[in-house]
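The values are calculated or read from the model by the stated rules, or taken from the named source; none is laboratory data. This structure is a prediction, so every number in the text was calculated from the model and none was measured. Cβ placement follows ideal geometry from the backbone for every residue including glycine, while neighbour counts extend to all protein chains displayed. Accessible surface is based on the protein model in full, side chains and every heavy atom, while ligands, DNA and RNA are left aside. Shrake-Rupley method; radii C 1.70, N 1.55, O 1.52, S 1.80 Å.
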Amino acid sequence: MHDLEVANRISNFPQSTTSIRQIPDSMMQRSELEGIKRREATCGLRSAMNNCGSARLAALTRLFSATVFREMAKKGRSGLFLRLLKQTDLISLTEQGGTVGDTFDAAFEVLKVSGHRDEYIYRAAISQKVLLGTHSLRTASMLTEFRAGSSKADLVILNGTATVYEIKSERDSLARLANQVENYKRVFAKVNVIASENHIEGVLATVSDDVGVMCLSKRYQITTVREAIDCPSRICPTTVFESLRMVEGVTILRAMGLTVPTVPNTQRHAAMRELFATLDPVALHVEMVRTLKRTRDLAPIGELVERLPTSLQAAALSVKVRRADHSRLVDAIATPLDAAMAWS
């Protein structure tokens, strides 16, 4: 495919030429004002980080790690957050009176820049624009690092069907993509690859026509290059079984009218695998989606997600923390940055 055709298929969204200063405050939503303020505050940071080198960029990326998130939830502070913060320019460039949450937002703005983006930025885009933007936590659920054959799916959204999203960021190679996609087809009805603009041509040349291709543009917009085909009939029942928790497998068999054999625990896995091998793929896919939406339900953390900065919502959706720790986590993120400098 020629570069011009690829560019046309991932066409950019139009930009407004109206100056911000020409728009009266009374006509602008509060969220828009906050977004503009945040972008202006991080403009200098982006410029500085463009020349910061891999060490500081790695520190920014690790701020969004599960380790930092869980530490804040468990202790109400994070010594790792502070150590990573000191390896970046965020302290000097964060506005006076800013909070820990503001610092995460500033780091996220830097990492959103094309060339810096890693898997977390892509997961955040899908979470915000697809899961929370198109669906809701009441009607859909999301899985991360879900086993499918010899691969682990980056992100799966369960709604009326099961849709997997394989992420290929600027930092990734396409070397394993063909094998990953084949594994996903054995478990999920719809397979999408979401990639950076520079990977689109390579993705289209690698995957079959039934695989959807999406692009996260330089402007942090998701565009669809090719729609995925919904095809539950191709899934492999035994591969699905190996992806499930044992209790989920039992639930699915019972829902499909099968009796789970009474055998010693050492023989149970093999016996259930044999039963799954007899199931109709389409009917199994329906029950798999129904069961996983219930067992992996995210609705109970909806309130937590709403209380967090947008930059951390993807972490809340994928990193498990105890419900008793939710308030502690929110308080930690609301901590003034000056006070957080005493964390250990």
Inset, instruction - Can you send over the solvent-accessible area of residue 182, 1.4 Å probe, protein chains only, in Å² to the nearest 10? - result: 100
Legend entry - Accessible heavy-atom area order of 263, 240, highest first, probe of 1.4 Å: 263, 240
Inset, instruction - Give me the accessible area of residue 134, 1.4 Å probe, in Å² rounded to the nearest 10. - result: 100
Inset, instruction - State, to one decimal in nm, how far the label point of residue 247 lies from the label point of residue 217, with both points 7 Å from Cα in the Cβ direction. - result: 4.5
Inset, instruction - Please state, as a whole number in µm²/s, the translational diffusion coefficient that the Stokes-Einstein equation yields for segment 135-249 at 37 °C and 0.692 mPa s, with Rh defined as the Kirkwood radius across alpha carbon pairs. - result: 226
Inset, instruction - Calculate one ³J(HN,Hα) per residue across segment 259-264 by plugging θ = phi - 60° into the Karplus curve 6.51 cos²θ - 1.76 cosθ + 1.60, and present them in order as whole Hz with x for glycine and proline. - result: 8, 6, x, 8, 9, x
Legend entry - Inter-site label distance for residue 274 and residue 138 at 7 Å from Cα along Cβ, in nm: 4.6
Legend entry - Area accessible to solvent at residue 256, 1.4 Å probe radius, in Å²: 60
Legend entry - Distance violations [Cα-Cα > 26 Å] among 112/185; 185/293; 74/129; 74/112; 190/293; 168/190: 112/185; 74/129; 74/112
